[in-house]
Amino acid sequence: MTATRRLAAILAADVAGYSRLMGADEEGMLERLKALRRELVDPKIAEHRGRIPGSSPGTKTTGDGLLVEFASVVDAVRYALAVSRRCPSGTRRSARTAASSCASASISAT
């Protein structure tokens, strides 16, 4: 049997300051995180032709993080920049590292 190989860009994301934010307001943080996924992260993943590997209707993440697969580096960077632009100013990380961080319900990608 021949293995099928393909190139992919993988974006790793996690919540910046997750432990601190959870310690300050666990229920509120979980609600903000769910809203961020629903309103920003997931729609932008779809818009930029990404997918969460191994996910089907029940998305599998790693608690405060996720891995997103994109067909190209360009799509991954465009996704990270689109998410970064929606974050409050002053909480963004460098676009050079394709990073985004939203402080109160933050997802940062590196």
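Summary table below
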{"read-out": "Every pair of residues 6+ apart whose Cβ atoms lie under 7 Å, when the first sits in segment 28-52 and is over 20 Å from Leu11 (Cβ atoms) while the second is among the aliphatic types (A, V, I, L, M)", "value": "Met29/Leu21; Met29/Met22; Met29/Ala105; Arg32/Ala105; Ala35/Ala105"}
{"read-out": "Those residues of segment 20-34 which are surrounded by fewer than 12 Cβ atoms within 10 Å (Cβ to Cβ) and under 17 Å from the mean Cα position of the chain (by Cα), in sequence order", "value": "Lys34"}
{"read-out": "Helices (runs of 4 or more DSSP H) lying entirely in segment 8-110 (those with 1 or more residues that are modelled with pLDDT of 55 or more and in contact with a Cys (Cβ under 9 Å, 6 or more places away or on another chain))", "value": "26-36, 73-85"}
{"read-out": "Hits in segment 1-18 - residues which are over 23 Å from Arg49 (Cα atoms) and loosely packed, with under 12 Cβ neighbours inside 10 Å", "value": "Met1, Thr2, Ala3"}
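The values are calculated or read from the model by the stated rules, or taken from the named source; none is laboratory data. Here the structure is a predicted model, which is why all the values come from computation and not from measurement. As a convention, Cβ positions derive from the backbone with ideal geometry for all residues, glycine included, and neighbour counts pool all protein chains shown.
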